[in-house]
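Undergrad: Structure incoming, see below.
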Amino acid sequence: MKTVFAAHGNIITSLGFTAAENFAAMEQSRSGIQKFSNSNFLPFPFFASLVDDGKLNDKCSDFRNSKNYTRLEKMFILSISDVVEKSGLDIKNANTLLIISTTKGNINLLEEENYGGFSEKRLLLSEMANEIAHYFGMKNLPLVLSNACISGVLAIITAQRLISSGQYENIIVSGGDLVSEFTLSGFNSFKALSDEPCKPYDAERKGITLGEGCGTLLLTSNEKLLNGNEKKIVVAGGSVSNDANHISGPSRTGEELALAVNNALKEANCENEIDFISAHGTATAFNDEMESKAFNFSGLQDVSLNSMKGFFGHTLGAAGVIESVVTLETMKQNVLLPSLGYKNLGVPMPLNIIKQRETKQINTSLKTASGFGGCNAAVVFKAL
Amino acid sequence: MSIQITSACLIRNNHIQLNGETMIEKEKHLPFNEFIKGAYELNASPNLKFFKMDNLCKLAFITSEFLLKNKKISEQYGAENVSLLFANTSSSLDTDINYYNTVKDFASPSLFVYTLPNIMLGEISIRNKFKGENAFFVFEQFQADFLCNYATQLIKEKKAKVVIIGWVELLKENYESFLCLTEENGNGAELTNENLNELYNGK
């Protein structure tokens, strides 16, 4: 089994266009969530974290044929370009694969007249992924994962398995999703949208704030691509489970998320030594409740934990990748970030939620996610 | 160690085959809705949830009902050892379009939840009490090699004892569904690309 290193990452959200920009904003407890009034999206004002169009188009101005790419594809291309540049990866090599993680891809084209001038086929996730891989001249057809809100974490787990078994040397995992009328109306129909910036795990939490963005992480068995990384961090374990309970509500007991967590910790040989948990924390009543039960099942209630949704909202299929890249920065810089929006515990079981930035040696981290369809995923990062 | 395909169900052109045997065959022009309702009435045990599902989930659900009938997979192997590995071409686009057409009048939460392709994994997991690994991939076309390699790895690395491989595609009236049960040391063809392709292509 080959060792799988987490080499370089990028994040594009309302807070910035690189992992460093995002992390610096988060260290200052800055949130990218704002109030918007856009009747094309919702008939009333709403809170969301949106990527500025002007900045996005500016950054894309030196692309080849940037007009040929949709808004989300531009984010993917920018995000992947940054990682390729930082790592020096030969992206055209046949031992490199791209995994795209998304829930809705180019769904905004449905909302535009004549699909915004793009072909109807662009709604297909594989078509979108092929366009991105083609931009970079990649040899292999990309792999697309669409598994609700665990997509990003599952993409990292899948990449780890494909590299550890020797099927590829390098895998670029890139997750992206947009805020659109489609997603806003849907979460609103569930009465799941918060009418203020979300407050994960807080007693006064009112629901989700949606966010958009893209996160990219290069995983590799080639240690040379770690250039510039002082800490060598590996993907040490990962696991997935299903609640088998309800398609739009989480488990009542949290046992199934705990199952995925325990399996991931066991595979990583870190059962009693997790320093930090980047949890899912959507700020819906039921999700946060379920997570508190799950972490207690796994005996992790005392581990420092945050949800990053208060910074850039719930970015759906991008969330697992974006939040993993922030987790890796947390480990590299030994800085724990606060769980923005949290004041008083509002879940039934105790959790050690981070209230303010602190410095602490972080060598092992756990990232979890849960989603519609009853799915749960957990991945462990470990510094060697 | 060898892994076998111990059962396979294929639905295409209003024709349901289980391990090569015809279970139901209807005329090709029968609309999908009527075909799948007929299949439910003939085979599935009564389940009111079926009527709430979108067409993609109905198709996946009926295929799983044929594949798993009279089998007690969860009891036999343990709920956490049964894994679902599914894929298709159009994700949930059929329901995405239907949902979006309703948004301006009334955005329906019961429709919105089906705008994710992995909901079919949730429906099958609830029905059969499966709690193991699950993943949904999107490919331009059926990719036997990826599905075969990934299922093999899950079983070899002891992340699952049984993997149900699924290809469930539906967009308007065009559909096909192929599910197969793979397990260690079972009775059936070995899990290889060739055998998986042969079963998917049918007779």
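Every number here is computed from the coordinates shown, using simple stated rules; none is lab data. Not measured: the values here are computed from a predicted model. Cβ sites come from the backbone with ideal geometry, for glycine too, and all protein chains shown count toward neighbours.
Undergrad: Report, in degrees rounded to the nearest 10, the 0 to 90 angle that the Cα long axis of helix B:119-128 makes with the longest principal axis of chain B.
TA: Taking the Cα atoms of chain B, the angle to B:119-128 is about 60 degrees.
Undergrad: Related question: Sort A:59, A:367, A:191, B:26 by Cβ crowding within 10 Å, fewest neighbours at the top.
TA: So the residues, fewest neighbours to most, are A:191, B:26, A:59, A:367.
Undergrad: Beyond 22 Å, what share of the Cα-Cα pairs of segment A:233-383 is found? Please give it as a whole percent.
TA: 32 percent
Undergrad: What are the membrane-span-like helices in chain A by this rule: whole DSSP H runs, Cα extent along the axis at least 15 Å, mean Kyte-Doolittle hydropathy at least 1.0?
TA: Span-like helices, by this rule, are A:151-164.
Undergrad: For the peptides B:193-202, A:244-253, A:112-121, what is the packing order when you average, over each peptide's residues, the other Cβ atoms within 10 Å and list the highest mean first?
TA: A:244-253, B:193-202, A:112-121
Undergrad: Enumerate the calculated ³J(HN,Hα) couplings along segment B:59-73 in order (Karplus 6.51 cos²θ - 1.76 cosθ + 1.60, θ = phi - 60°), each rounded to whole Hz, writing x wherever the residue is Gly or Pro.
TA: For segment B:59-73, the Karplus-derived couplings read 5, 5, 4, 4, 4, 5, 5, 5, 5, 9, 4, 6, 9, 10, 4 Hz, x marking Gly and Pro.
Undergrad: Which of A:24, A:285, A:148 ends up with the largest GNM mean-square fluctuation for chain A, with Cα atoms connected below 10 Å?
TA: A:24
Undergrad: When the Kirkwood radius is taken over all Cα pairs of segment A:177-265, what Stokes-Einstein diffusion coefficient follows at 25 °C and 0.890 mPa s, in µm²/s?
TA: Diffusion coefficient, whole number: 143 µm²/s.
Undergrad: Another question, then. Per residue of A:145-158, count partner chain C-beta atoms within 10 Å of its C-beta, then hand back the mean as an integer.
TA: 4
Undergrad: Taking +1 at the Cβ of each Lys and Arg and -1 at the Cβ of each Asp and Glu, which of A:274, A:325, A:258 sits farthest along the dipole of the protein assembly as shown towards its positive end, judged by Cα position relative to the Cα centre?
TA: Sorting the options by dipole projection puts first A:274.
Undergrad: To the nearest 20 debye, what is the magnitude of the charge dipole of segment A:5-226 about its Cα centre, counting +1 on the Cβ of each Lys and Arg and -1 on the Cβ of each Asp and Glu?
TA: So the dipole magnitude of segment A:5-226 works out to roughly 320 debye.
Undergrad: Quick one: divide the alpha-carbon radius of gyration of the protein assembly as shown by 2.2 N^0.38 Å and tell me what you get.
TA: Compared with the compact-globule rule of thumb, the protein assembly as shown sits at 0.90.
Undergrad: Still on this structure, please answer the following. Residue B:49: which aspartates and glutamates have alpha carbons under 14 Å from its alpha carbon, excluding same-chain residues fewer than 8 sequence positions away?
TA: Cross-link targets: B:41, B:65, B:123.
Undergrad: How many Cβ atoms of partner chains, on average, are near each residue of B:139-146 if near means within 10 Å of its Cβ?
TA: Shielding by partners across B:139-146 averages 3.
Undergrad: Place +1 on the Cβ of every Lys and Arg and -1 on the Cβ of every Asp and Glu in segment B:8-76, take the dipole about the Cα centre, and give the residue among B:46, B:16, B:74 whose Cα lies farthest towards its positive end.
TA: Of the options given, the answer is B:74.
Undergrad: How much length, in nm to one decimal, is gained on full extension between residue A:27 and residue A:134, taken as 0.36 nm per residue of separation minus their Cα-Cα distance?
TA: Answer, rounded to one decimal: 34.9 nm.
Undergrad: Only helical DSSP H runs with n ≥ 4 go in: add -39500 (n - 2.57) per run for chain B, normalise by residue count and round the 222 nm mean residue ellipticity to 500 deg cm²/dmol.
TA: -11000 deg cm²/dmol
Undergrad: For peptide B:101-108, how many partner chain Cβ atoms fall within 10 Å of a residue's Cβ, on average?
TA: Per residue, the average neighbour count from other chains is 4.
Undergrad: Let me ask something additional. Tell me the angle of helix B:93-102 to the major Cα principal axis of chain B, expressed in degrees between 0 and 90 and rounded to the nearest ten.
TA: Rounded to the nearest ten degrees, it is 20.
Undergrad: To continue, here is another question. Build a GNM of chain B with springs between Cα atoms under 10 Å: which of B:89, B:115, B:102 gets the top mean-square fluctuation?
TA: Highest fluctuation among the options: B:102.
Undergrad: What is the count of Lys pairs in segment A:180-305 whose alpha carbons sit under 20 Å apart, if the two are 8 or more places apart or on different chains?
TA: 6
Undergrad: Let me have the 222 nm mean residue ellipticity of chain A computed from DSSP H runs of 4+ only, each contributing -39500 (n - 2.57), with the sum over all residues rounded to the nearest 500.
TA: Dividing the helical sum by the residues of chain A leaves -9000 deg cm²/dmol.
Undergrad: Still on this structure: Taking other Cβ within 10 Å of each residue's Cβ, how do A:13, A:315 sort, fewest first?
TA: Fewest-to-most Cβ neighbours within 10 Å comes out as A:13, A:315.
Undergrad: On to the next question. What percentage of all Cα-Cα pairs in segment A:1-135 are separated by more than 18 Å?
TA: The answer is 65 percent, as a whole percent.
Undergrad: Moving on to the next point. Dipole of segment A:159-207 (Lys/Arg Cβ +1, Asp/Glu Cβ -1, origin at the Cα centre): which of A:184, A:174, A:164 lies farthest to the positive side?
TA: A:164
Undergrad: Based on the Kirkwood radius over alpha-carbon pairs, what value in µm²/s does the Stokes-Einstein equation return for the translational diffusion coefficient of segment A:5-226 at 37 °C and 0.692 mPa s?
TA: 180 µm²/s
Undergrad: Here's another thing I want to ask about it. Which residues among segment A:115-157 fall inside the zone where the amide N is under 20 Å from a point 7 Å beyond the Cα of residue B:193, along Cα→Cβ?
TA: Taking a point 7 Å out along Cα→Cβ of residue B:193, the residues of segment A:115-157 whose backbone N falls under 20 Å are A:139-144.
Undergrad: If you don't mind, another one. With respect to the cross-link table entries B:129/B:156; B:37/B:159; A:104/B:58, which display a Cα-Cα separation exceeding 26 Å?
TA: B:37/B:159
Undergrad: Another one. Apply 1/(1 + (r/R0)^6) to the Cβ-Cβ distance of residue B:140 and residue B:75, taking R0 = 45 Å, and write down the FRET efficiency to the nearest 0.05.
TA: Step by step, r from the Cβ atoms, then E = 0.75.
Undergrad: Calculate the spin-label point distance for residue A:37 paired with residue A:119, positioning each point 7 Å from the Cα along the beta-carbon direction, and give it in nanometres.
TA: 4.2 nm
Undergrad: Highest first, please rank the peptides A:236-243, A:307-314 by the mean number of other Cβ atoms sitting within 10 Å of their residues.
TA: Listed from highest to lowest mean packing, they are A:307-314, A:236-243.
Undergrad: Beyond 23 Å, what percent of the Cα pairs of segment B:3-201 remain?
TA: So the portion of pairs separated by more than 23 Å is 41 percent.
Undergrad: Where Rh denotes the Kirkwood radius from the mean inverse Cα pair distance, what is Rg over Rh for segment B:116-162?
TA: Reported Rg/Rh, Kirkwood definition of Rh: 0.99.
Undergrad: Counting Lys and Arg as +1 and Asp and Glu as -1, each charge on the Cβ, what is the dipole of segment A:260-378 about the Cα centre in debye, to the nearest 20?
TA: That gives segment A:260-378 a dipole magnitude of about 260 debye.
Undergrad: Treating only the Cβ atoms of Lys and Arg (+1) and Asp and Glu (-1) as charged, compute the dipole magnitude of the protein assembly as shown about its Cα centre; round to the nearest 20 debye.
TA: Roughly 640 debye for the protein assembly as shown.
Undergrad: Once the Cα atoms of helix B:32-43 and of chain B are each reduced to a long axis, what angle between those two axes, in degrees from 0 to 90 to the nearest 10, is obtained?
TA: Between helix and principal axis, roughly 50 degrees.
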